[in-house]
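First comes the structure, then the notes that go with it.
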Amino acid sequence: MPNELNLDAHIGSFVAAQKEIERFLDDNYAKLPDRLHHFAPDFGALKSILGSKQMWASHAYDMNDKRELWYGSYIVHACLEEKRKLYAPRKIFQLDEFFDMALERSNPYSNSFNGLQAPFVISLCEDGNSNSQWEKYGNKGKGYCLNFRTTKPLLPDLAKRNLMLLKVIYDINTQVSLINTAIQKEVNHILAHLNDPSAIFMGMGASVAFYQLLLIYTISFKSKNWSDEREWRLVRGTSPILEPVVPETREKDGSTIRFTRVEFSDFAPFSRVQDISAGAKAIPEEVAQVTGLLDSFRS
């Protein structure tokens with residue numbers, strides 16, 4: 001039937017985006033180191049983490065450095081503009097719609113389009129001995145570092161809990177390549193189905209699928225200026241299918257910070273607290289209690 005909706009064409013953009021996400025996650029996990037580390041700024045924070053067996057994931061829009069949000073969005077916006085110039089002479093409605101909508105939503109962190117939400121992030125790093133890490137995240141040596149032993153996570157187990165583990169990308173050439181490839185795949189899908197009965201929806205559908213992938217990529221992008229951090233991110237709340245994460249709030253330096261709790265059991269069995277390092281300026285009386293806290297946590 002010539003007017004019958006081609007379902008494969010209609011949902012093709014979403015299927016392609018999901019495959020890209022799965023490939024990206026597989027590539028991440030292939031690089032997973034034996035150890036990952038998380039800094040607690042003081043003994044109170046460490047005691048809270050071990051006592052509750054929880055970590056707090058901060059809303060992406062409430063992270064300390066807002067430039068992290070702008071950085072990825074700037075790259076996406078620039079790539080979209082270049083591609084739009086390339087295809088503008090063809091005057092294809094669906095392509096124009098795709099580029100217009102994708103540009104409008106090129107900041108995925110602050111956009112609730114299609115029910116998608118900004119994710120919540122826990123920062124981890126590969127080097128627990130870095131002086132710069134202790135300075136920035138370990139409260140200038142007064143804090144503590146939780147050292148996790150890692151094994152390969154199971155994608156379905158993480159996905160069920162609306163979690164992803166992402167390796168931060170600092171190389172701009174890799175970032176641009178990922179975004180350009182994603183854009184081109186959506187464009188190719190639109191062009192391949194212009195005569196399909198569902199063609200009128202192609203531009204909008206492609207923009208939604210692109211947005212889904214965009215959220216995963218840009219939360220993984222940071223400037224090369226931060227490459228010494230060798231950061232990984234445990235991210236909750238990227239799935240458009242699972243129930244949205246309901247944030248709690250806390251006050252910090254006069255601002256309201258949104259966060260959600262992540263149980264240690266949510267990302268077991270691939271993460272275990274192997275040991276805890278104390279900063280050079282940590283209070284000795286508190287350092288003496290760390291072993292007992294860790295024993296209680298493991299019991």
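Computed from the coordinates by the stated procedures, all read-outs in this text should not be read as laboratory data. Owing to the predicted nature of the structure, the values given are computational and were not obtained by experimental measurement. A quick note on method: Cβ atoms are made from the backbone with ideal geometry, for glycine too, and the neighbour counts reach across all protein chains shown.
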Send over the per residue convex hull volume for the chain, Cα only, as a whole number of Å³.
132
Determine the sum of side-chain charges near residue 291: Lys and Arg each +1, Asp and Glu each -1, restricted to other residues whose C-beta is under 14 angstrom from that of residue 291.
-2
Full extension from residue 91 to residue 298: what is 0.36 nm times the residue separation minus their Cα-Cα distance, to one decimal in nm?
68.2 nm
Reachable aspartates and glutamates from residue 91, criterion Cα separation under 20 angstrom, eight or more residues apart if same chain
81, 82, 100, 104, 186, 196
Of 36, 178, 166, the one that fluctuates the most in a GNM where the chain has Cα springs shorter than 10 Å
178
Report, to the nearest 10°, how far helix 93-104 tilts away from the longest principal axis of the Cα atoms in the chain, using its own Cα long axis and a range of 0 to 90°.
20
For labels at residue 52 and residue 288 in the simple 7 Å Cα→Cβ model, what's the distance in nm?
2.8
Straight-line reach from residue 140: which lysines fall under 17 Å, measuring Cα to Cα and dropping same-chain residues less than 8 apart?
281
Distance in nm between pseudo-label sites at residue 192 and residue 30 (7 Å out along the Cβ direction from Cα):
2.3
Which of 98, 14 comes first, and how do the rest follow, when ranked by fewest Cβ neighbours within 10 Å?
14, 98
Lysines near residue 19 by alpha-carbon distance under 16 Å, same-chain residues fewer than 8 away left out - which ones?
185
Work out the FRET efficiency for residue 200 and residue 248 from their Cβ-Cβ distance, taking R0 = 35 Å, and round it to the nearest 0.05.
0.25
Please give the length that would be gained between residue 265 and residue 135 if that part of the chain were fully extended, namely 0.36 nm times their separation in residues minus their C-alpha to C-alpha distance (nm, one decimal).
43.8 nm
Expressed as a fraction of 2.2 N^0.38 Å, the rule-of-thumb size for a compact globular protein of N residues, what is the C-alpha radius of gyration of segment 128-170?
1.57
Within a Gaussian network of the chain (alpha carbon springs, distance under 10 Å), most fluctuating of 253, 196, 27:
253
Highest average packing first - 204-211, 137-144, 89-96, 216-223, Cβ atoms within 10 Å:
204-211, 216-223, 137-144, 89-96
Relative to the first principal axis of the alpha-carbon coordinates of the chain, what is the inclination of helix 202-218, with its axis defined by its Cα atoms, in degrees from 0 to 90 and to the nearest 10?
20
So the angle from the long Cα axis of helix 7-30 to the longest Cα principal axis of the chain, reported in degrees to the nearest 10, equals 30
Of 281, 185, 252, the one that fluctuates the most in a GNM where the chain has Cα springs shorter than 10 Å:
252
Multiply the residue gap between residue 157 and residue 181 by 0.36 nm, knock off their C-alpha separation, and tell me the result in nm, one decimal place.
5.8 nm
